[in-house]
Amino acid sequence: MNFSGAIKSKLPGVGTTIFSIMTAHANEQKAINLAQGFPDFNCNPDLVKLVNSAMKKGLNQYAPMPGVLSLREKIAAKTEDLYGAIYNPETEITITPGGTHALYAAISAIVGEGDEVIVLEPCYDSYIPAIELNGGRPIFYELKYPDFKVDWNEVKKLINFKTRMVIINTPHNPTGAVLEADDMLQLQKILDNTDVVVLSDEVYEHIIFDNVQHQSVARFPKLAERSIIVSSFGKTYHTTGWKMGYVLAPADITKEFRKVHQFIAFSANTPIQHALAEFIDQKQHYLELSAFYQEKRDYFQKLVAGSNFKILPCKGSYFQMLNYAKITQERDIDFAIRLTKEFKVASIPTSVFYKMKTDNNVLRFCFAKSNETLEKAAEKLMKV
């Protein structure tokens, strides 16, 4: 069946995401998939029981558009406990069907035709299409390889009367870098006396290592008053397939966010929200998450320490960057595909996270896997 009419693509340069492509290669080659960022182990069985219980209780119809109030109240208490920030659960917290939805709705609510959005590269691949679909123009700042630090004086030079938003991500996907308190203070300073909104992608907030404290924008009142914070239950509770997230923002920004959110999804999964409202009381599941993933990071690094890959610093998230310059000078996309075909380990080439496809000979590997999976993958990587 063919449609004879002419369709002008709104995203002419966009194809299938690299995550889908590399996962398809992994499945085709029967390779170990360290490409897409999802755990290969189950979530807590008590959480599943709570979801099932909510379903059996008949909590299966639409949730309120902003989310189940009891869950929003628990998030407010958790945020105050962790970051000392007070958010009104009725007017400043919204439950969303995943972090990507939240990011898109936030950008759609704030960014209009001709607005500029400063993006720190490499960056998660949903940012740019969302900006462009809303008529905005992404302005790129490239993080400094190999430690991926930000020079805020350079970022400041990018700000002008057209700047509507700055997007930050900490802990950072794909690099594993984290922003420090001084980064937040510098960002706060350069945005003073502007109308720029901060979109802070903090979905890995509970996966941060070496006793480093997550610097949420919520900790900085002058920054928080202009910021939209996106978080993810999927990353925190090993349930990426449930697509559950939430947004924190001041009431005036939340009002605009919800105008968009209600027409994209209206509301998020009802029984899961009720289950999370109970499960979130068990604080150890998020307070101990950093230690859980640090053990996996350390184990994976130990397993590949004697390989021809160079291990780059990983301070947060569940991604490990490995430089392969000693092995080959192939383009990272070509090497990632060859690694999948010949050595049966799938990864993500990091050039896809850059507008200009910057290639540092680095691949991203997800270590949110069972130790058995990591051991099998490392055994193969040692032979490269």
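Structural remarks
- Extension gain from Glu80 to Thr328, taking 0.36 nm per residue of separation minus the Cα-Cα distance: 84.4 nm
- Mean Cα-pair separation over length for the chain, i.e. relative contact order, pairs under 8 Å, 6 or more apart, %: 25 percent
- Gyration tensor (alpha-carbon) shape descriptor, the stretch 239-384, a/c threshold 1.5: prolate
- Counting only Cβ charges, +1 for Lys and Arg and -1 for Asp and Glu, the dipole size of the stretch 96-216 around its Cα centre is about 260 debye.
- The residues Glu202, Glu256, Glu225, when put in order of fewest to most other Cβ atoms within 10 Å, stand as Glu225, Glu256, Glu202.
- A dipole drawn for the chain from +1 and -1 charges on Cβ atoms has a positive end, and of Pro129, Gly67, Asn211 the residue lying farthest that way is Pro129.
- Lys357 paired with Lys162, simple spin-label distance in nm, labels 7 Å along Cα-to-beta-carbon: 2.6 nm
- Here the 3J(HN,Hα) profile of the stretch 328-343, calculated from phi with Karplus coefficients 6.51, -1.76 and 1.60 at θ = phi - 60°, is 6, 10, 4, 4, 4, 5, 5, 5, 4, 5, 5, 4, 5, 6, 8, 10 Hz, Gly and Pro shown as x.
- Within the stretch 61-284, DSSP assigns beta bridges of which about 30% are antiparallel (rounded to the nearest 5).
- Using θ = phi - 60° and Karplus 6.51 cos²θ - 1.76 cosθ + 1.60, couplings along the stretch 236-244 (whole Hz; Gly, Pro as x): 6, 10, 6, 10, 4, x, 7, 6, 10
- Rounded to the nearest 20 debye, dipole of the stretch 61-284 from Cβ charges on Lys, Arg, Asp, Glu: 340 debye
- Whole-Hz ³J(HN,Hα) from phi, Karplus 6.51 cos²θ - 1.76 cosθ + 1.60, for the stretch 276-292, glycine and proline x: 5, 4, 8, 5, 5, 5, 7, 4, 4, 5, 9, 6, 9, 5, 4, 5, 4
- Considering all C-alpha pairs of the chain, those separated by over 34 Å amount to 28%.
- Cα lying deepest toward the dipole's positive end in the chain, options Phe140, Tyr354, Leu34, charges on Cβ: Leu34
- Given +1 at the Cβ of Lys and Arg, -1 at the Cβ of Asp and Glu and no other charges, the dipole of the chain around its Cα centre is 840 debye to the nearest 20.
- Charge sum, other residues only, whose C-beta stays under 12 Å from Leu374's C-beta, Lys/Arg counted +1 and Asp/Glu -1: 0
- Averaged over residues, the count of other Cβ atoms within 10 Å places the peptides 151-162, 271-282, 16-27 in the sequence 271-282, 16-27, 151-162, highest first.
- The value obtained for the stretch 162-251, namely the Cα convex hull volume divided by the number of residues, is 115 Å³ per residue.
- The chain: calculated mean residue ellipticity at 222 nm from DSSP helix runs of at least 4, using -39500 (n - 2.57): -11500 deg cm²/dmol
- Gyration tensor (alpha-carbon) shape descriptor, the stretch 171-326, a/c threshold 1.5: oblate
- Alpha-carbon Rg/Rh ratio, for the stretch 61-284, with Rh computed the Kirkwood way: 0.94
- Of the residues Ile333, Gln301, Leu50, the one whose Cα sits farthest towards the positive end of the charge dipole of the chain is Ile333 (charges of +1 on Lys and Arg Cβ, -1 on Asp and Glu Cβ, taken about the Cα centre).
- Cα gyration tensor shape for the stretch 1-117, rounded if a/c is under 1.5, else prolate or oblate: oblate
Taken together, the values in this text are just the output of simple stated rules run on the coordinates, not laboratory data. This structure is a prediction, so every number in the text was calculated from the model and none was measured. Counting neighbours? That spans all protein chains shown, and the Cβs are built from the backbone with ideal geometry, glycine included.
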